[in-house]
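Notes to accompany the following structure.
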Amino acid sequence: MATSLLSYAEAAEQVHRFIIALAAGGVVPLPDSADGQGSSDAATLPSLPPAGEPVLPEPVLPEMVPLSAAAGRVLASGIRADRDQPPFPRSTRDGFACRAAEANSHQFLFLAGQIRAGQQPSAPVGKGEIWEIMTGAPVPDGADCVVMLEHVEHSTGFVRQQAPRTVAPGENIVPRGAEARAGDLLVPPGIRIASAQIAMAAQCGYGELAVYPRPRVGILSTGDELVSVEQVPGSSQIRNSNTPMLAALVAASGGSPLVVAPVPDHPEALDATFAEMLDPRQKLDLLLITGGISVGKFDLVEDALTRAGARFFFGGVAIQPGKPVVFGQLARPGRLPLPFFALPGNPISSAVTFQLFAAPLLTALADDSGQQPRFALARLAGGWQGKPGLTRFLPAWCDFLFEPTVRLIPWQGSGDIAAFATSNCFLVVPQEASSLSDGSFVQILLRP
Ligand code: AMP
Ligand code: MG
């Protein structure tokens, strides 16, 4: 497999190529810089099964969920307007419906009626008439504007617009069908459902929505030192924090986490677990492995992946933290190959590499047209100095009120969960930078 480091941009592009090839059933060229191999050394995706072995169809059957459970899911069939929106010319103000030309004459107009929200006007507005109207009520025929309540004067049974105010025809009215016509596609499939789409669906009468199934993501932590959350660790043991952290990240990115018990640093145990993960009955869409991929004597994951027949797209990216991250796919009987990421075991390394590389693929597997990872600009408070050569993602706190301002959180390296837990983003240091100055604009990586 490739031993040379890719830059962050090259590795991100490689994930992107994989996503495109997966959608098209095409060819994924390896990055030009991977081990000096050109793009002629192409990995074909999806790889064909041995002759005679049928690939099981992997139908993506949408499921119906009630609107109350739809937030965070990905829409599988679009939301259409069941009628014109608004279904009637809607007053956007509490005020008085009349003819603009008459209102602008500043003559008193006869107060001929009232329309409340939910009420159908009993008659059109006649010449010389003005009708009291509430926000959200249908504007009667004959009226072409609504004069705001605050802009009129009353005289028993009569109302006029205050001089010298004027009102334009159409003012404070949303015409019927101005927002949408009956049958219009208002939210296309592939949109992650959030509050705005729920409001849209409710307005169009959808009690439930068709959503794509969540991709199934296996999460496998490795390490002899790991004990579960419930256990009391021995003096040289640590609790497994990566598995619950990654499960939370997977769920936040639209996946369904399938947690596997941590595997010790033994070749046989790793082989047996990979064989289990590759069983087609597991129906995994993505596999995340943490730990055991750096250069230590008991970092056995890469060899186990090789024994399992892995094809590697990259192994090592010039980033900090997360340099040893590996991306590849594993062939499996009867199904398309299983893409995997082997993430470095240090918790912040795992989190950063998940966000940078696994989240975009997971988003695509979820049929979510949204984009991951998400970056933003903020002003740097303090500064940063260091060696160039790695794109760095450093735990930071961004104050989003008024002008986003980001400040680094002191940390003891990529195992410092305390620093991670008090951060809300990562400050991005470009690969070539040796300093970032106080007050400059910098990029931050937002959490999913
Ligand atoms: P490794 O990538 O296996 O060399 O592990 C790097 C560091 O991350 C070591 O200090 C490990 O103890 C720690 N680590 C590995 N896996 C986990 C995990 N699942 N939860 C918390 N820390 C871990
Ligand atoms: Mg380890």
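Bear in mind that the values in this text are calculations on the coordinates, not laboratory data. Note that the coordinates shown come from a computational prediction; the quantities given were computed from them, not determined experimentally. Backbone-built Cβ (ideal geometry, glycine too); neighbour counts: all protein chains shown.
Structure data summary
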read-out: Estimated FRET transfer efficiency (residue 397, residue 281; beta-carbon r; R0 35 Å; 0.05); value: 0.20
read-out: Relative counts (whole %) of C-alpha pair distances in segment 187-337, using bins that are 10 Å wide; value: 10, 32, 31, 16, 10, 2, 0
read-out: Rg/Rh ratio calculated on Cα atoms of the chain (Kirkwood radius); value: 1.15
read-out: Max mean-square fluctuation residue, GNM over the chain, Cα-Cα springs under 10 Å, options 220, 362, 61; value: 61
read-out: Test item: Cα-centred dipole of the chain, Lys/Arg +1 and Asp/Glu -1 on Cβ, debye; value: 600
read-out: Calculated SAXS-style log₁₀ I(q)/I(0) at q = 0.13, 0.20, 0.23, 0.26 Å⁻¹ - segment 90-174, Debye, Cα scatterers; value: -0.31, -0.76, -1.03, -1.35
read-out: Two-decimal Rg/Rh across segment 375-446, once Rg and the Kirkwood Rh are taken from alpha-carbon atoms; value: 0.94
read-out: In nm, spacing of pseudo-spin labels at residue 107 and residue 182 (7 Å Cα→C-beta vector); value: 3.9
read-out: Crossing angle, helix 242-252 versus the chain [Cα axis fit, 0-90 degrees, rounded to tens]; value: 30
read-out: Ordering of 384-392, 227-235 by burial proxy (mean other Cβ atoms within 10 Å per residue, highest first); value: 384-392, 227-235
read-out: GNM flexibility winner over the chain from 348, 173, 289 (Cα, springs under 10 Å); value: 173
read-out: Candidates per trypsin sites (Lys or Arg not before Pro) in segment 151-229, loop by DSSP, up to 16 other Cβ within 10 Å; value: 165, 181
read-out: Of 163, 359, 180, the one that fluctuates the most in a GNM where the chain has Cα springs shorter than 10 Å; value: 163
read-out: Computed Rg/Rh of segment 279-334, alpha carbon atoms with Kirkwood Rh; value: 1.00
read-out: Within segment 221-254: backbone nitrogen closer than 16 Å to the residue 323 label point (7 Å, Cα to C-beta); value: none
read-out: Spacing of the two label points (7 Å from each Cα toward its C-beta) at residue 271 and residue 251, in nm; value: 3.6
read-out: Backbone HN-Hα couplings from phi across segment 364-370 [Karplus 6.51/-1.76/1.60, Hz, Gly and Pro as x]; value: 5, 5, 7, 6, 8, 7, x
read-out: The chain, helix-only ellipticity at 222 nm - DSSP H runs n ≥ 4, -39,500 (n - 2.57), divided by all residues, nearest 500; value: -5000 deg cm²/dmol
read-out: Linear extension gain, residue 127 paired with residue 63, 0.36 nm per residue minus alpha-carbon span; value: 17.5 nm
